[in-house]
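A.B. asks: Structure provided below as structure tokens; questions to follow.
A short reminder: the numbers here are calculations on the coordinates, not readings from a lab. Source: prediction; values computed, not measured. When we count neighbours, we look across all protein chains shown, and the Cβ atoms used for this are built from the backbone with ideal geometry, even at glycine.
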Amino acid sequence: MSNKQKKQLNENAFIQLTNELDVLKTSADSWFDNEYKTSNNMLYDMFSSLYALYEKCDGNDAKVQTDVRAYITKVCAKRKVTFKTKKPSLQALLVKFMFDDGTTKDCKRVSSYVRVFTLATTLTEINSKNIAEWIEKNGGIENLRQQQTEGGVDKGTRIAEGKATLKAKDSIATVSTEATKHQALKVDEVVLLVGIQNADGSVSVKHTIYENVADSKISGKTVINTALCNVYSVQNELKEKQKANTKAESKAKAKADISDIVNATDESDISFQNDIKEAA
């Protein structure tokens with residue numbers, strides 16, 4: 001193949017890829033404007049299409065990859081889309097191009113997409129044909145993101161362990177109200193107390209949240225599960241701090257022991273030298 005033919009092929013590949021990118025971006029905008037709050041299926045399908053495009057980009061000539069990166073970077077710059085690094089990954093470029101409109105309000109959502117999409121591309125068993133099914137089976141984008149941030153522990157496990165930790169803890173206060181008395185049969189259920197911090201150090205309890213209340217259609221399950229995940233995370237953080245402190249103490253002790261040995265050796269040498277002098 002001549003250089004001219006190769007150049008033409010690269011140009012054609014670049015045009016095809018950028019056209020597909022623009023089509024996907026239009027689909028993403030339409031989904032966000034019309035179906036974002038109600039449909040995850042379309043989002044997962046878009047991830048599938050994005051993965052297929054990633055496979056094409058990743059498998060193309062280096063020159064094409066460079067040109068596609070430059071194109072995405074230029075378009076994102078016009079939208080004032082920012083990246084965490086000076087040279088973002090192809091995964092981050094594709095996701096940001098597709099879902100980031102340059103406003104801070106969607107920063108967390110788009111970051112979750114980048115994290116999950118990047119994870120998918122590192123798993124050999126995941127590809128453009130099964131990524132949608134993989135996301136759905138794992139509880140969605142947010143659950144997969146949380147698994148990543150919590151060291152791979154799924155949300156169900158964090159909820160269960162958070163609840164077990166909560167029950168094992170000593171009570172810091174006991175509250176009895178008309179609302180809690182009405183729910184007296186819900187023994188061992190997790191209840192959230194919502195309060196306001198006072199200047200004297202006390203907390204004024206203003207509201208109670210149960211998973212379900214007989215005369216209400218409002219469920220407290222989501223917020224309670226979030227609180228249990230918080231219990232799990234705080235407990236894990238405490239364990240990590242304790243490990244770090246123990247490690248630091250052990251290191252300090254080892255250093256002190258070495259210092260004692262060195263000092264003892266020095267004293268022994270001095271004593272030995274004095275003995276030699278006296279003998280002489």
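A.B. asks: Kindly rank 132-138, 115-121, 172-178, 235-241 from highest to lowest mean number of other beta carbons found within 10 Å of each residue. Don't jump to the answer; show the numbers that get you there.
C.D. replies: Details: 132-138: 15.6, 115-121: 20.0, 172-178: 8.0, 235-241: 12.0.
Final packing ranking: 115-121, 132-138, 235-241, 172-178.
A.B. asks: Going by average Cβ density within 10 Å per residue, which order do the peptides 55-65, 86-96, 209-219 take, highest to lowest? Intermediate values should be presented prior to the final figure.
C.D. replies: Numbers: 55-65: 14.6, 86-96: 18.7, 209-219: 11.9.
Descending mean neighbour count gives 86-96, 55-65, 209-219.
A.B. asks: In addition: Exceeding 27 Å between C-alpha atoms, which entries from my cross-link table qualify? They are K129/K163; K56/K87; K137/K163.
C.D. replies: Flagged as over cut-off: K129/K163.
A.B. asks: Cα-Cα over 32 Å: which of K206/K243; K167/K206; K181/K239?
C.D. replies: Long pairs (Cα-Cα over 32 Å): K206/K243; K181/K239.
A.B. asks: Between I196 and T18, with labels modelled 7 Å along Cα→Cβ, what's the label distance in nm to one decimal, could you check?
C.D. replies: 5.8
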